Ligand SMILES: [Zn+2]
């Protein structure tokens, strides 16, 4: 491997240093470099002192980059290749992209063209690209703003050669004045799905699905499944009993939250792949559910909600690492970006964490955070939520 020096926010592809975010989310601009890197084996993330190899994968005719298997957790927390994901976790999800474990960097794992889109990857990529896992003191964010950020992110999203922007509907904030325009847009979208379905039947196309993204408003039982409705939207989507039960395992945090939604401030984002059935009823072909806390910032459980509320109340600047999987593994729960000199990872244990393992856990997390160049702060849930590390003077003023 060629020598390298740490350079935050950059990766090297076949000898050329480029923006990590751009290369991760807009691989279409880097096809010739990626093709060269397949030959030379030179694809390295520069977010860390050790230079982390990246995997080059192929879907259809286009190449894209992913973290090397099992290395998502060792990238810097603000690196777009950072995650707690392990191939084993992602492999359980139908349609998920499994890294070519054990293959040399120049040899891409082939993914068949037309393979179904990995909804978790879409969801997390849109959240990361839209910056919805980040917060800065003084920001505001409602659904209208979140939606426009997501649409912009979707326009740029082409991970694995899959473009979804033209097939994505995100309900706008409903108002009486805009009712007609909103209904017209939705009618055009459903019309598009019907035409696409007919094209599939006539074998002129291989893909009839559209994507629907929004906050879950209600779930009601019906014959052979449930009907899901999103906020700001009247249409109900049919989810089969089989798919809904699968979500209890593969989207369990979001799924659990749906069961107790009325008593909580946190909510659930659904990303549905939908197409009409024989009678024209919109039916979910696939779905993922992501639990979020205040300001649409992902939060997996109640203790995270509490910490998130405190961060917002105190006007802190922070980010929520996205794990790209159901298990958060070694990711920090949140990372303060306004602490002096270095970022500070916030790690918390739930109430059920075994007391005898806390010391070892603290030691391990401290080492991992240190390797990522961060300070660390802990909260053991049975104890009261303590004082957060102080913000630097410039950020606090
Ligand atoms: Zn990295």
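The values are calculated or read from the model by the stated rules, or taken from the named source; none is laboratory data. This one's a predicted model, so the numbers in the text were calculated from it and none came from an experiment. Quick reminder, even Gly has a Cβ in these numbers, built from the backbone with ideal geometry, and neighbours come from all protein chains shown.
For the range 216-225, the set of residues classified as surrounded by 14 or more Cβ atoms within 10 Å (Cβ to Cβ) and under 25 Å from the mean Cα position of the chain (by Cα) consists of 216, 217, 219, listed by residue number. All conditions but one from (1) under 26 Å from residue 155 (Cα atoms); (2) more than 16 Å from the ligand (Cβ to nearest atom) apply to residue 38; the one that does not is (1). The residues on offer are 22, 8, and the sole one that is assigned to a loop (DSSP other than H, G, I, E, B), under 24 Å from the mean Cα position of the chain (by Cα) and surrounded by fewer than 17 Cβ atoms within 10 Å (Cβ to Cβ) is 8. Scanning the range 226-270 for residues that are over 24 Å from residue 175 (Cα atoms) and surrounded by fewer than 14 Cβ atoms within 10 Å (Cβ to Cβ) yields 241, 242, 245, 249, 259, 260, 263, 264. Among the residues of the range 363-389, those that are out of contact with any strand residue (DSSP E or B) (no Cβ under 6 Å at 6 or more places or on another chain) and assigned to a helix (DSSP H, G or I) comprise 363, 364, 367, 368, 370, 371.
Can you report the number of residues in the range 193-231 which are in contact (Cβ under 8 Å) with a residue 24 or more places away in the chain, touching a helix residue (DSSP H, G or I) at 6+ places or on another chain (Cβ under 9 Å) and not in a strand (DSSP E or B)? The qualifying residues number 7. Taken over the range 43-74, the criterion of being in a loop (DSSP other than H, G, I, E, B), in contact (Cβ under 8 Å) with a residue 40 or more places away in the chain and within 15 Å of the ligand (Cβ to nearest atom) is satisfied by 46, 47, 48, 49, 51. Restricting attention to the range 198-215, the residues being surrounded by fewer than 19 Cβ atoms within 10 Å (Cβ to Cβ) and either outside the structural domain of residue 291 (by TED's automatic domain parsing) or modelled with pLDDT under 95 (or both) number 10.
For the range 25-42, a residue qualifies if it is in a helix (DSSP H, G or I) and under 21 Å from the mean Cα position of the chain (by Cα), and the qualifying residues are 25, 27, 28.
The single condition among (1) within 16 Å of the ligand (Cβ to nearest atom); (2) in contact with a strand residue (DSSP E or B) (Cβ under 9 Å, 6 or more places away or on another chain); (3) at pLDDT 70 or above that residue 99 does not satisfy is (3).
Of the set (1) in a helix (DSSP H, G or I); (2) within 13 Å of the chain's Cα centre (by Cα), all apply to residue 305 but (2).
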